[in-house]
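Student: Shown below is the structure under consideration.
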Amino acid sequence: MKNYIMLLVLLLVVVSSYAQDLSPWQGVRHSAVDINGNLNFLFNTVPGDFNGYEFHYIINGGAWNTTVLNDIGAGLMRTQVPYQYGQNLKYRLKGIAGFEDEIITYLNPSFLDSDTFPPAINQMALSNTDATGDSLMYYHAALDITSSYFGVSANKFHSAITNVSGAFPVMVSLTSYNLYMSMLMNPESAVGDSIVFAMVHTFNIAGIISPGLYKIGMGEGGEPSFERIGNIQSQVSGGRLFMSCNIADLINDPDFGAWPNDMNALANSIASMRINLDLSTMTPEFLIGDYTNPGIIEFVDRRYQESSNSLPLLVYPVVQNAEGGHLVTVGYDDANEDFPLISQLELSNGTIYPMTATEMDYSEQVSYSTFVPSSEDWSSAELRFSDNGINFVTVEVYPSSVPDANSVIKVLQCNMPNPLPRGSVDIMVKGLDGSKVDFDIYNIKGQHLGKIDFQHGGQHEFTLSWDSSVNGKRLQAGVYFMRIKQGSRQINRKFVVLP
């Protein structure tokens, strides 16, 4: 098997395995500016092989900076970014996972503010670094890739490459040439078609290949086949090779697939080749020089720009009699989409209970709740929320009167494994009554995927055997939410489906 086929198969397998709707970070959220002048960022990690998380930011169009990420437990990462109101903040994330003998990066690209070519290297996202001396079929310092960068602007994809020599010659002799390519793969079409697309920088070899945007497949004998579909811009500057292509040229090719795709992601890798030409037959021989580890690029443009802070609103506070105590809930609404640094219920006896949220999307109202056991002696309580740790919004609430046993609201409880392996698992729900129960499944974007089909016999405790299927089709690997609702009561559970 030719090394090119091995490279292509590797990339396609990686795309199939990792470029699902499964980011290594979920629920990325921010606070308002705290007393130290920082925005606080939180995100949830996904169980699995991802590690080496990175958080990068730019303020007012400067260079990228890197913050320190802290693992605060329970699958949560936290970092802080200095910020003054009125500034334009852009930020992105990156994670690393192992796949057999390869390293896969998962990253947000740099969203560039103009199509200017070449873009400033300090505003592009570093995708990969690559070891030296690791070429496959042919070694030359100019073919030995050391790093790659990626960026996207309104109309273009941008790639940059560094190598050992700092130069990118394309003509070595009349019969030998160098080729450099930045490969792009759409996960929704590449796996089935065994096709990748690439920006190619090389010499204009008449009848063979020239610089441009190509659709690449596997030709006869395992050699790559090149079909030119557009032009590129390419330039060597500062010891780096920059290449850019028009996004429209890619998405107009029917084999590229829909863009944006459902995953909002593309796969990318850099490769170099030596082309040896037999002048008697004009037959080219392609020898792989080097390639970088694959990267999955998730196109999420993360920005924060606020002129001032608007304090959150606390709406619909409710205290309900529940089995064994009181259930306190309140709606949290923040115009800046900030999460609260402080969210608590302080009883009149001085006891403080944390208020917790099941949702992580602060572009909408988020429900917070806590449970106060009946052993507490309290006549009133204060809900205290702050999105900056400085200014507080408060609401006073009171315990409801003790009702008869028939009117006590039971708290819904759910026990389920997480993550969900292949095969059926048992989901146990307690606190039910005899009315209708709905099990709804949502993806991480909040889209309703369907209901779990089951029969509930009216039991107070119910065990559902579920194989991770909705509408007869098993969920793909990813992060989902299950919402269990009975009457006015509901409980949400976040879970991961494994590949």
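Just so it is clear, none of the values below were taken in a lab; they were calculated from the coordinates. Keep in mind it's a predicted model, so treat the numbers as computed, not measured. Note: ideal-geometry Cβ built from the backbone for every residue, glycine included; neighbour counts use all protein chains shown.
Student: Express the relative contact order of segment 413-497 as a whole percentage, based on alpha carbon pairs under 8 Å and six or more residues apart in sequence. Could the numbers behind the result be given before it?
Tutor: Details: 174 pairs, mean separation 29.0, N = 85.
In percent, rounded to a whole number, it is 34.
Student: Which of the GluC sites (Glu not before Pro) across segment 278-334 are loop residues per DSSP, with 16 or fewer other Cβ within 10 Å?
Tutor: GLU323
Student: Sorted by average packing, counted as other Cβ atoms within 10 angstrom per residue and highest first, what order do 77-88, 259-270 take?
Tutor: So the peptides 77-88, 259-270, ranked by packing, come out 259-270, 77-88.
Student: Here's a follow-up. Normalising by the residue count of segment 3-303, find the relative contact order in percent from Cα pairs under 8 Å and 6+ residues apart.
Tutor: It rounds to 19 percent for segment 3-303.
Student: How many lysine pairs in the chain, separated by 8 or more positions in sequence or lying on different chains, have Cα atoms less than 26 Å apart?
Tutor: Value for the chain: 29.
Student: Search the structure for amide H atoms under 5 Å from the amide H of GLY325, placed 1.01 Å from N in the peptide plane, and list their residues when 5 or more places away or on another chain.
Tutor: SER374
Student: For a footprinting-style exposure proxy, rank CYS414, CYS245 by other Cβ within 10 Å, fewest first.
Tutor: CYS414, CYS245
Student: What is the sum of charges around LEU311, taking Lys and Arg as +1, Asp and Glu as -1, for the other residues whose C-beta is under 10 Å from the C-beta of LEU311?
Tutor: -3
Student: Could you give the dipole magnitude of the chain about its Cα centre, charging the beta-carbon of Lys and Arg +1 and that of Asp and Glu -1, in debye to the nearest 20?
Tutor: Dipole about the Cα centre, nearest 20: 200 debye.
Student: Tell me which trypsin sites (Lys or Arg not before Pro) from segment 414-475 have a DSSP coil assignment and no more than 16 other beta carbons within 10 Å of their own.
Tutor: Numbers: sites: ARG422, LYS430, LYS436, LYS445, LYS451, LYS473, ARG474; in loops: ARG422, LYS436, LYS445.
Answer in residue order: ARG422, LYS436, LYS445.
Student: Can I ask one more? Apply the a/c threshold of 1.5 to the C-alpha gyration tensor of segment 153-274 and tell me whether it is rounded, prolate or oblate.
Tutor: Here segment 153-274 falls in the oblate category.
Student: On to the next question. Please get the size of the charge dipole for segment 413-497, origin at its Cα centre, with Cβ charges of +1 on Lys and Arg and -1 on Asp and Glu, quoted in debye to the nearest 20. Walk me through the numbers before you get to the answer.
Tutor: Details: 12 positive and 7 negative charges, 65 e Å.
Around 320 debye, computed over segment 413-497.
Student: Rounded to the nearest 5, what % of the DSSP beta bridges within the chain are antiparallel ones?
Tutor: 95
Student: From the Cα gyration tensor of segment 74-118, with a ≥ b ≥ c the square roots of its eigenvalues, which class applies: rounded if a/c is under 1.5, or else prolate if a/b is larger than b/c, or else oblate? Don't skip to the end; give the middle numbers.
Tutor: Working: a/c = 4.93, a/b = 1.31, b/c = 3.77.
Since a/c reaches 1.5 but b/c is at least a/b, the shape of segment 74-118 is classed as oblate.
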